[in-house]
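Values in this text are rule-based calculations from the coordinates and carry no lab data. Bear in mind that the values here come from a model prediction, so they are computed numbers and not experimental data. Ideal geometry is used to build each Cβ from the backbone, glycine not excepted, and the neighbour counts take in all protein chains shown.
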Ligand SMILES: [Zn+2]
């Protein structure tokens, strides 16, 4: 490894804390996977994170560490390096996480929203490798988003741009965690899927789904997906709702951006075959730009690694911070 260089990417989520050393070509060299000990407090989480980075440096002694990028689940204020709000990291509001980590590691780190990092990862070595720009919706428990224009993350004024999951698709719709009614997240995220399934079970519409959830001791989006694949009507309806909802959101995005590629990632994207037909039909119906162009809509090609790779790419960007834009 002598004379070679690498960057470190960190994916700091509410459940998993992953740290990886990545080559300049976007290949994993070393990985460390930990649980995010959220309940132990942020001091513990930041200590774990910094210890893991130091451990990777030890393992790769002789190679040059070219930079550290950290993707965080939450709304980031890029100007002061704080987590403004994160449902996944309670107690982190307005905590100057960047300065704290920089002080401990005595080096510069680049902070980014995890969904923006995922979009960047797909652009670097994923579905968007050959695309000039892309827009990605990361559909997990909730829905995050990232917009890459001309090879750079679109940050907006404070770094909060790209909150695609909170696009309103039904003005009088279901209540979203953000306080708004009818966000796409309230119809297509994993939480929405289990909420819709639980509602169907409550009114006795899906005994099959109820039995399955009982047997497994919990109701998850994955169970709903498996049942949809087995032909359960209620489960299929739910995934059609997921597809239609994402389709409405994507039609809006396509009309706004006219980008060559839109990527659907996150855990729910594993159910692509169950929701994609409804999604495509909705987009075709609603977007003249889509019908008149060669726009591509594809599932993520990096899966759960998109955010980690994108975080590792941050140091490679010439001037990634908002203030240099
Ligand atoms: Zn919302």
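Descriptive notes on the structure:
- Relative contact order (%) - criterion: Cα under 8 Å, at least six apart; region: the chain: 20 percent
- Centroid-to-centroid, using Cα positions, segment 67-82 and segment 211-279 are 29 Å apart.
- Over the chain: helical MRE at 222 nm, DSSP H runs n ≥ 4 each giving -39500 (n - 2.57), nearest 500: -12000 deg cm²/dmol
- Highest-fluctuation residue, 246, 17, 111 considered, GNM on the chain with Cα pairs under 10 Å: 17
- Each peptide in 201-209, 252-260, 299-307 receives the mean, over its residues, of other Cβ atoms within 10 Å, and ordering these scores from highest gives 299-307, 252-260, 201-209.
- Ordering of 31-38, 116-123 by burial proxy (mean other Cβ atoms within 10 Å per residue, highest first): 116-123, 31-38
- Cα-based shape type of segment 129-301, given that a ≥ b ≥ c are square roots of the gyration tensor eigenvalues and the cut on a/c is 1.5: prolate
- Most fluctuating residue given options 215, 251, 188, as computed from a GNM of the chain linking Cα atoms under 10 Å: 215
- Highest average packing first - 166-172, 82-88, Cβ atoms within 10 Å: 82-88, 166-172
- Normalised by the number of residues in segment 129-301, the mean separation of alpha-carbon contacts (under 8 Å, six or more apart) gives a relative contact order of 23 percent.
- In the chain, the longest principal axis of the Cα atoms and the axis of helix 42-59 are about 60 degrees apart.
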